[in-house]
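Asks: Have a look at this one before I ask anything.
Values in this text are rule-based calculations from the coordinates and carry no lab data. Please read all numbers here as calculations on a predicted model, not as lab measurements. Cβ atoms come from the backbone with ideal geometry, glycine included; neighbour counts cover every protein chain shown.
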Amino acid sequence: MEKERLRTFFIDGDQLTVKYHYDEKAEIFIGQFPEFEEGPRYTPNGRPWKSAVSIGCPFAEGKYDDCGSCPWLIKAEPRDIIGVCFHERLRSRASPEKKPVSDISASTGN
């Protein structure tokens with residue numbers, strides 16, 4: 001039996017490959033996911049990758065104040081434990097798609 005697998009997640013124009021190791025005791029493959037809090041990762045569109053168990057986001061709209069129950073977390077598959085946050089306030093200022101706030105205000109007349 002194979003002891004290792006790779007899975008590539010494709011979200012928002014980005015791809016992230018995660019290594020899975022087979023745990024013989026649990027008899028399942030367990031992913032070695034990045035710690036996005038310690039080393040943030042952004043998609044080419046400036047959106048942050050997040051773990052579903054991340055808590056404390058001021059924009060979380062989920063039942064439990066975590067990313068996993070928040071509708072802004074977009075995952076490749078519904079049962080995934082990582083995904084990309086699509087809340088505009090968390091988007092990186094370096095994003096090629098994101099306009100500075102002054103540009104948005106000028107275009108809306110505010």
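Asks: Return, ordered by residue number, the residues of segment 58-88 whose backbone nitrogen is under 19 Å from a label point located 7 Å along Cα→Cβ of Arg41.
Replies: Output list for this probe position: 67-68, 73-87.
Asks: Could you give the length gained on full extension between Ile55 and Phe29, defined as 0.36 nm per residue of separation minus the Cα-Cα distance, in nm?
Replies: Stretched out fully, the Ile55 to Phe29 stretch lengthens by 6.9 nm.
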